[in-house]
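In what follows, a structure is listed as structure tokens, so that the remarks can point back to it.
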Amino acid sequence: MFNVDETAYLKYKRKRKFQDNLLDVAKLYNKFGKSYDSIMFTLNEHLKYFPLLDSWRREICFSWDTCRQSLICATATYEEKIKNKYQTKRQTKERIYYTNITEYYLENTLYRLFSILDKLSHALNLVLNLGFKERDVSFPRVRDKLINTYPQHRIIPIIEMFESRESLHKILRETRNAMIHREGPLDSSLSFEQVTFEVPEGFNEKGYVSAVIPILNKPKLTLEELYEVVHEYYEISTRLINFTLILLLLEISEKYEKELMIFRDTV
């Protein structure tokens, strides 16, 4: 991580909120992978999904860990170089510099969390046989199909809990649009507005003139608001990732065990 004080980074890395919460998930998957002969992951109709699920799990965990490190960098810079250093919001070259660093790491965290949601959707589509082609997979589509196909599935409350923060998700949608269509969520945006001016009598027949003028709009969020939004989204996303990956592995394991029980009963 560049442009971040190493001492501050290590200080915040030790915080409980930045623990490696997916480490146990990785251990669980590794243990499961070693529990069966490799040939079983080719031949069995349920276990055959595990290698691809594990591949998605690795991508998700790698991306999430990058999010974690980026958010540590954002936190270290914001807390040590901005919040604890400046008592006023007066702009200085140094403050602008550290604001830009903080914004960079916050945006990096958001971009990767958004992409993780897509990867998680691929994993759900795979294990639960939702039937989407790879190019058609998206979180809203997978969520809706899952609810309609398996309305009592134990993973649905996890998704509903994730989506229950409606105000947060509204801000996130606006922030994502800002990152795509403007320079960033902290930047002012330009819009155009038609205005009408009265003119002296005799200037023209209408008595007024119209013109389209540019309007500089304030940023959607302040740095403090973006900081809080990203932290909250990171926390609820981590819970969603953790529970979903565990439940998907459990789904495969239980289907295989059920198949074994049926086989034993028929022998």
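The values are calculated or read from the model by the stated rules, or taken from the named source; none is laboratory data. Because the structure is predicted, anything quoted here is derived from the model rather than measured. When we count neighbours, we look across all protein chains shown, and the Cβ atoms used for this are built from the backbone with ideal geometry, even at glycine. Areas reflect the complete protein model, heavy atoms only, side chains present, ligands, DNA and RNA absent. Shrake-Rupley method; radii C 1.70, N 1.55, O 1.52, S 1.80 Å.
Just a few scattered comments:
- Heavy-atom surface analysis with a 1.4 Å probe gives the range 1-100 a carbon and sulfur content of 50 percent of its accessible area.
- Among VAL127, VAL195, VAL25: highest mean-square fluctuation, GNM of the chain, C-alpha pairs under 10 Å: VAL195
- Calculated from backbone phi, Karplus (6.51, -1.76, 1.60) coupling profile of the range 164-175 in Hz, x at Gly/Pro: 5, 7, 4, 5, 5, 5, 5, 4, 5, 4, 5, 5
- A DSSP coil position with no more than 11 other Cβ atoms inside 10 Å describes the following trypsin sites (Lys or Arg not before Pro) in the range 65-167: LYS85, LYS89, ARG90, LYS133, ARG154.
- For the chain, a Gaussian network of Cα nodes joined below 10 Å ranks ILE101, ILE147, ILE155 by mean-square fluctuation, and the top entry is ILE147.
- GNM result for the chain, Cα springs below 10 Å: residue of LEU52, LEU120, LEU249 fluctuating most strongly: LEU52
- Here the range 1-155 is treated as a sphere whose radius is the Kirkwood value from Cα pairs; by Stokes-Einstein at 10 °C and 1.306 mPa s it diffuses with a coefficient of 86 µm²/s.
- Answer label, with Rg/Rh (Cα atoms, Kirkwood Rh) calculated from the coordinates and candidates (1) 0.99; (2) 0.97; (3) 1.14: (3)
- Taking trypsin sites (Lys or Arg not before Pro) across the range 1-39, the ones in a DSSP loop with at most 16 further Cβ atoms lying within 10 angstrom of their Cβ are ARG14, LYS15, LYS34.
- Carbon plus sulfur fraction of accessible area for the range 124-244, probe 1.4 Å, in percent: 51
- Residues of the chain: accessible area per residue with a 1.4 Å probe, Å²: 61
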